[in-house]
Structure formats: C-alpha cells, structure tokens
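Engineer: Provided herewith is a single structure, encoded as structure tokens, for subsequent inquiry.
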Amino acid sequence: MRSVGYEYNFKVSGACYPEMHPDSKNRVEDIWNLKRKVESGCQQLITQLFFDNDTFYRFQESCTLSGIDVPILAGIMPIINRKQAIRLIQTCQTKVPRKFMAILEKYEYQPESLKEAGLAYALDQIVDLVTQDADGIHLYTMNQAETARYIYQATTAIFQNLSHAS
C-alpha cells in the first residue's frame, strides 16, 4: 500500500574517485571500471571527497571522453576540525591544495577559526562547481547537522537561482 502524498524516487548511484580508486593500476583502468558500473545500470555517480575542483573537472572530462554520460555529483566535505582533516588526508590519498594546507597551518591552534575557514573553503568549492554547471553536490558532513544546515542556508539562493534560470 502506497502512502498518499509521497512520491518514491529510486536511483542506483555509484561511487567514483576523481583522483582514481586506490586499487586501480592506472587512470585508464579506473575509468574503464567506472564505465562498466554505468553500463550495468548505475544511473548517477557520486564522487568521493576532493579539495581541488580542477581534479573534479579533469575527472569529468575523462568520463565524457569515455562515453560515461550519467550525472556526476561532486562530493564535498566541509572540514571543521584539524584532526578530521589530517585523518582524511592520510587515509583518502587526496590531493591537498596549497590554499587548503595554509588554512590547516594558520589555524592549527584556533579551532573556531579553523571551522569557519573550513566552511568558507567548502562554500567556495560549491559556488565554483555550481557556476561551472556541475550536475549536483553531495555533502559529506559526518553526522554534523549544524554543518549541513549552515551549508544549506548559505547556498539556498544559489540553487534557487539555477532553477529559475532554466
């Protein structure tokens, strides 16, 4: 029995790695495996986190050139504390831009300032992605509702303007 007033929308999403899956031998193998996911029914892709949007744009281009034509949502993780950032950098093997490292260094002993700078960095990434017509944003907040709410409120007008522009 279906509840009145609810519309169900089911999509098969797949994970992808803008900087290459850690188990892949090379970028060609990585993109080939991703294409197999899509050919097997994956309807959209969601990237693992990244801190350098140019990495995402190169990844998008590789996907397009390989015939991968499903939406790719950009995975953004606002960094709100130094311990979290260091752990992610070590475990995710992600490229860390000089600008981001400068934030970690400058605010090493100022947790509130680091949080504000981390949120600003994530917002900057999101604005850039939206203006470059990314298919969507997937926000990794690690169960931090306050962070999700902050990002949502700060970007609401940006996303509303997109729907009105079409």
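The values are calculated or read from the model by the stated rules, or taken from the named source; none is laboratory data. Please read all numbers here as calculations on a predicted model, not as lab measurements. Virtual Cβ from ideal backbone geometry, glycine too; neighbours counted across all protein chains shown. With ligands, DNA and RNA removed, areas are computed over all heavy atoms of the protein, side chains included. Shrake-Rupley method; radii C 1.70, N 1.55, O 1.52, S 1.80 Å.
Engineer: Looking at Gly67, Gly118, which one is in contact with a Phe, Trp or Tyr (Cβ under 9 Å, 6 or more places away or on another chain) and not polar (S, T, N, Q)?
Structural biologist: On the way: Gly67 fails: in contact with a Phe, Trp or Tyr (Cβ under 9 Å, 6 or more places away or on another chain).
Result of the check over Gly67, Gly118: Gly118.
Engineer: Would you pick out the residues in the stretch 43-58 that are modelled with pLDDT of 95 or more and open to solvent by 20 Å² or more (accessible area, probe 1.4 Å)?
Structural biologist: Gln43, Gln44, Ile46, Asp52, Asp54, Tyr57, Arg58
Engineer: Given (1) modelled with pLDDT under 95; (2) among the acidic types (Asp, Glu); (3) under 19 Å from the mean Cα position of the chain (by Cα); (4) over 26 Å from Ile151 (Cβ atoms), identify the lone condition not met by Asp23.
Structural biologist: Failing condition for Asp23: (3).
Engineer: Report, by residue number, each residue of the stretch 32-60 that is acidic (Asp, Glu) and under 22 Å from Leu139 (Cα atoms).
Structural biologist: Across the stretch 32-60, the qualifying residues are Asp52, Asp54.
Engineer: Tell me the helices (runs of 4 or more DSSP H) entirely within the stretch 59-160 that contain at least 1 residues that are of a type in the set (Ser, Thr, Tyr) and surrounded by 13 or more Cβ atoms within 10 Å (Cβ to Cβ).
Structural biologist: So the answer is 111-131.
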